[in-house]
Amino acid sequence: MILHEQIASQLPSWRERYKSLAKEHGEVVVANVTVGQVIGGMRDIKSLVTDISYVDPATGIKFRGMSIPEVLKALPKPRGAKIPYVGGLYYLLTVGEVPTREQAEAVETEWAKRADVPDYVFKMLKSMPRETHPMTLFSQAVLALQNNSVFARRYHEGMKKDVYWEAALEDSLDLTAKLPVLAAFIYRLKYFGETKKPKYNARQDYGMNFARMMGVADVKGYAELARLYFILHSDHESGNVSAHTMHLVGSALSDPYLSFSASLNGLAGPLHGLANQECLGWLIDVKSHMGGVPSREQLYQFAWDTLNSGKVIPGYGHAVLRVPDPRFTAQMEFAKARFPEDELVRLADLVFDVVPAVLKEQGKAKNPAPNVDAISGTLQYYYGVREFDFYTVLFGVGRALGVTPNYVWARALGMPLERPKSLTTAMLEDVVAKAAAA
Ligand code: CMX
């Protein structure tokens, strides 16, 4: 398999670099940790390593060193399409090089071969109460697939440590291949009561398959959006909740299914992936309060009313970024190029104009600019996917494309069990007292 060969050829030099850092430079200090960071969610503590993506606070995400516009330009595209193959992105994240058309298509072919989902998973989903949140269903479906894990089976057969990554890659390809099928099935089941098993078509790419299985009206248009959405949501370095959860659980040598199901549970939180459903809800609230797209003044007042009622403005702010999220910009460009007159797109654009100033006036948010969620729901809404609570599932399909290559490389480099140290409150107070006395 193409990804296997590429990783195998790079592995000796990566292992050498990694080993040298650990063995020869293990005592070098990277950074100091403050009390504020310890009690403040470990914010900004430099304590994870990944070469797959990096979030620069001043410019946003880089995938293997490439900005989003560079990635969208460089990756090969299906014929007649403007948005690249998802398989090409997977190749880039896993291998670290821009693939040729053949290489991107080889990943797509690999997914098509592995997309079949066993019947018992659909049965399990059908037996769940209809009101179950789609993220719960999605995470359960991933967990239900775990008994197919090559990693778990081979581990119990005594697999050697230096080939863990090969089993991890097998599972990662199997898992990512099945996610569009699972997500589309959950969508059709939950909102339309349909129980037919979706069929992956080997002649269509990942995005087109997803669009068709979702049953939207404009399959071609939605396939473009699906590709863009999955690419943009794939990775955001390692400290965010979903990526870090995958890494942490994986560090216990839990297989990719166990780890990704946990990752999805983190993504389901309102401060993380669930924000996209809340953001669109807020935009629609604005629209229904004002009977359409409001004036700047009305929007300014509405934003202040939201803040004064103790709520956050969803889609704005970020733990690391200090500029508009380039993932927001890419989606806004997509919308403006295709349906600039759409009311919600115009409203999202107006919000982008007004809300940062309101947040600046309030003076709390460190970053008053929009994040990825400020627009993503609006695009789904346009194509008729209007069930807000489903949006995090879409984020989950995308996120798998980043966290699984990270998992593979973590096993390839022999990354150890994660085990930070905790202190008691009294110990921290003691640290503070000693610092004051010094
Ligand atoms: N509206 C109102 N207040 C906000 C705000 C917003 N959009 N963003 C930040 N703040 C407030 C915080 O609530 C915090 O207030 P307190 O001091 O009273 O607790 C203060 O500003 C400082 O927060 P921060 O350091 O700037 O932001 P954090 O790193 O703590 O949190 C985030 C980041 C994204 C959770 C926060 O900006 C937020 O809640 N935004 C709205 C929800 C959202 O859009 N989430 C999507 C995240 C995207 C992703 O997961 O990828």
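Read-outs throughout are calculated quantities, based only on the coordinates presented, and are distinct from any laboratory measurement. Keep in mind it's a predicted model, so treat the numbers as computed, not measured. Cβ coordinates were reconstructed from backbone atoms using ideal geometry, including for glycine residues, and neighbour counts include every protein chain displayed.
Distances between every pair of Cα atoms in the range 233-308, grouped in 5 Å steps from 0 to the bin holding the largest one, split as 3, 15, 17, 15, 10, 9, 10, 9, 6, 4, 1 percent. For the range 65-71, the Karplus equation 6.51 cos²θ - 1.76 cosθ + 1.60, evaluated at θ = phi - 60°, returns couplings of x, 10, 6, 4, x, 5, 5 Hz by residue, with Gly and Pro reported as x. Peptide packing: for 59-72, 216-229, 288-301, the average count of neighbouring Cβ atoms within 10 Å per residue gives the ranking 216-229, 59-72, 288-301, highest mean first. With the largest listed first and rounded to whole Å, the semi-axes of the equivalent ellipsoid of the chain from the Cα gyration tensor are 33, 31, 21. Over the Cα atoms of the range 275-382, what is the Rg over Rh ratio if Rh follows Kirkwood? For the range 275-382, the value is 0.93. Applied to the range 419-433, the Karplus parametrisation 6.51 cos²θ - 1.76 cosθ + 1.60 on θ = phi - 60° returns per-residue 3J(HN,Hα) values of 7, x, 9, 10, 10, 8, 4, 4, 5, 5, 4, 5, 4, 5, 4 Hz, with x for Gly and Pro.
Scaled against the 2.2 N^0.38 Å expected of a compact globular protein of N residues, the Cα radius of gyration of the range 104-148 reads 1.41. Across the range 1-122, the fraction of Cα-Cα pairs farther apart than 20 Å, rounded to a whole number, is 62%. The alpha carbon convex hull volume per residue for the range 50-153 rounds to 177 Å³. Normalised Debye scattering of the range 51-97 at q = 0.13, 0.20, 0.28 Å⁻¹ gives log10 I(q)/I(0) of -0.29, -0.63, -1.03, counting only Cα atoms as equal scatterers and leaving out solvent.
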